[in-house]
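Here the structure is laid out as structure tokens; the discussion comes afterwards.
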Amino acid sequence: MALAELGYREGHNLVVERRFAEGRFDRLSALAAELVALRPDVLFAAGSQAALAASKATTTIPIVFVAVSDPVGTGIVKALRRPGTNATGLSNQAEEFQIKILQLLKEVFPSASRVALLHDPTNLPLVQMLPTLKQAAATLALNLRMIEARSPEDLVPAFKLLKSERPDVLYVLSAAFFVSQRERIVALVNAQRQVAVYGQNDFAGAGGLMAYSFSVIEQYRSGATFIDKILKGANPAELPVEQPTHFELVLNLKTAKAQGVTFPRTVLLRADRVIE
């Protein structure tokens with residue numbers, strides 16, 4: 001735990017109250033309200049939707065967020081360099097790395113033209129990014145087909161639709177709901193013998209073929225630093241929002257072999273981690 005390295009010990013000089021939506025984002029507002037009622041010194045929120053719920057629940061309790069796609073556009077902060085609100089933390093430059101995944105996809109599958117995009121339409125920052133993704137796809141001669149899944153119950157019908165349409169490649173967009181369901185999603189992908197790439201590295205560890213994203217571990221460690229600063233008196237309104245400096249490409253060679261996929265040497269050489 002990164003906070004332990006900064007001198008905090010739960011049960012000694014730290015009390016942590018945890019709430020998890022478990023992929024049910026309609027619960028976030030109620031969960032945020034529960035935590036606000038406890039009057040904590042700091043609220044910690046992981047993901048865009050959790051950060052939005054926290055910022056709507058309080059304008060006074062300091063909030064530290066991680067993995068937020070567009071903190072300015074969603075109104076969580078006023079500016080990256082000077083947040084000007086009770087919130088600060090780390091964005092994930094989602095647009096940048098999601099476009100990079102399309103480029104990697106085309107490099108690994110040069111003949112691909114039909115790409116299905118699995119996304120959660122309730123994730124506002126990513127929905128706002130879709131026009132940019134479509135434009136980037138067009139420059140790569142890729143036609144995007146949007147497949148929606150709002151909850152765990154939507155995954156089975158979504159994959160039935162995918163099975164009937166058989167796209168060249170499935171691209172699972174980065175979203176907290178999907179990360180919470182990663183093992184199930186990878187199992188559905190592999191059961192249909194569908195080639196897929198992912199916008200979150202945890203998917204590769206769960207058996208996904210290829211993933212590219214910011215380092216989640218790095219974001220959480222940096223988030224602990226923000227918490228430490230605020231507990232020591234720093235004002236979140238004056239702590240600049242940080243952006244990731246490193247993105248990781250993870251390849252799963254075991255899955256590639258099972259699916260008959262051969263990664264180009266140029267891609268293999270750029271991989272930060274290879275699962276064999």
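The values are calculated or read from the model by the stated rules, or taken from the named source; none is laboratory data. All of these numbers come straight from a predicted model, not from anything done at the bench. Note that we place each Cβ from the backbone using ideal geometry, even for glycine, and neighbour counts take in every protein chain shown.
For Arg19, all conditions in the list (1) within 29 Å of Asn201 (Cα to Cα); (2) crowded, with 18+ Cβ neighbours inside 10 Å; (3) not acidic (Asp, Glu) hold save one; what is the number of the exception?
(2)
Does at least one position in region 229-244 carry a residue that is over 24 Å from the mean Cα position of the chain (by Cα), assigned by TED's automatic domain parsing to the domain that holds Gly208 and without any contact (Cβ under 8 Å) to a residue 12 or more places away in the chain?
no
For region 73-114, what are the residues that are of a type in the set (A, V, I, L, M), buried (at least 17 other Cβ atoms within 10 Å of the Cβ) and not in a helix (DSSP H, G or I)?
Ile76, Val77, Ala87, Leu90, Ala112 - these are the residues of region 73-114 that are of a type in the set (A, V, I, L, M), buried (at least 17 other Cβ atoms within 10 Å of the Cβ) and not in a helix (DSSP H, G or I).
Mind listing just one residue for me: the one in region 32-50 that is in a helix (DSSP H, G or I) and at pLDDT 95 or above and, of those, surrounded by the fewest Cβ atoms within 10 Å (Cβ to Cβ)?
Ala37
Yes or no: Ser91 closer than 25 Å to Glu218 by Cα, in contact with a strand residue (DSSP E or B) (Cβ under 6 Å, 6 or more places away or on another chain) and hydroxyl-bearing (Ser, Thr, Tyr)?
yes
Looking only at residues in region 131-153 that are in a helix (DSSP H, G or I) and buried (at least 17 other Cβ atoms within 10 Å of the Cβ), which one is modelled with the lowest pLDDT?
Only one residue fits best here, namely Leu133.
Just the residues that are surrounded by 24 or more Cβ atoms within 10 Å (Cβ to Cβ), more than 17 Å from the chain's Cα centre (by Cα) and part of a loop (DSSP other than H, G, I, E, B), please, taken from region 61-72.
Pro62
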